[in-house]
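Everything below concerns the one structure shown next.
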Amino acid sequence: MKQGTTSAERAALVSRLTPEEHEIYLWLRQCFSIAWIAETLEMEKRLVKVLAKQVFKTLNVINQWELVRYYASLNRSKPPAPAIQIEELACTLAFYPEYRREAAPWT
């Protein structure tokens with residue numbers, strides 16, 4: 001990426017991303033690893049790698065470090081937190097008591 005690129009030019013590049021690439025871009029921009037993103041979004045790791053490479057190519061950066069350097073301050077919106085169902089949490093705490101911090105009210 002050229003040093004003199006303005007934030008408007010960077011925003012224009014980000015607007016070219018597909019919805020899938022944009023979601024990966026948001027996570028990469030916050031320094032999350034490919035493996036973590038794949039697990040969180042319940043996607044194949046290989047697919048996330050391919051999407052990340054497409055993001056790097058579209059944004060004219062070489063790697064995640066450059067992406068964070070040039071795009072971290074652009075549109076400071078966070079990706080949505082992964083949804084966890086209360087039933088899943090209750091089951092996890094019921095079957096794995098070592099995850100409990102204190103007694104759960106439903107046990």
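The values are calculated or read from the model by the stated rules, or taken from the named source; none is laboratory data. Because the structure is a prediction, the values reported are computed rather than measured. We place every Cβ from the backbone using ideal geometry, glycine too, and count neighbours over all the protein chains shown.
Quick notes on this one:
- Any hit, the stretch 72-84, residues being of a type outside the set (Gly, Ala, Ser), closer than 18 Å to Gln30 by Cα and at pLDDT 60 or above: yes
- Cβ-Cβ under 6 Å pairs, at least 6 apart or on other chains, the stretch 7-18 side surrounded by 13 or more Cβ atoms within 10 Å (Cβ to Cβ), far side among the hydrophobic types (A, V, I, L, M, F, W, C): Arg10/Leu74; Leu13/Leu59
- Scan of the stretch 31-40 for residues that are surrounded by 12 or more Cβ atoms within 10 Å (Cβ to Cβ) and either of a type in the set (S, T, N, Q) or in contact with a helix residue (DSSP H, G or I) (Cβ under 7 Å, 6 or more places away or on another chain) (or both), ordered by number: Cys31, Ser33, Ile34, Ile37, Ala38, Thr40
Yes or no, residue by residue, for (1) in contact with an Asp or Glu (Cβ under 7 Å, 6 or more places away or on another chain); (2) closer than 18 Å to Tyr71 by Cβ:
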residue	(1), (2)
Trp27	no, yes
Thr40	no, no
Lys45	no, no
Gln54	yes, yes
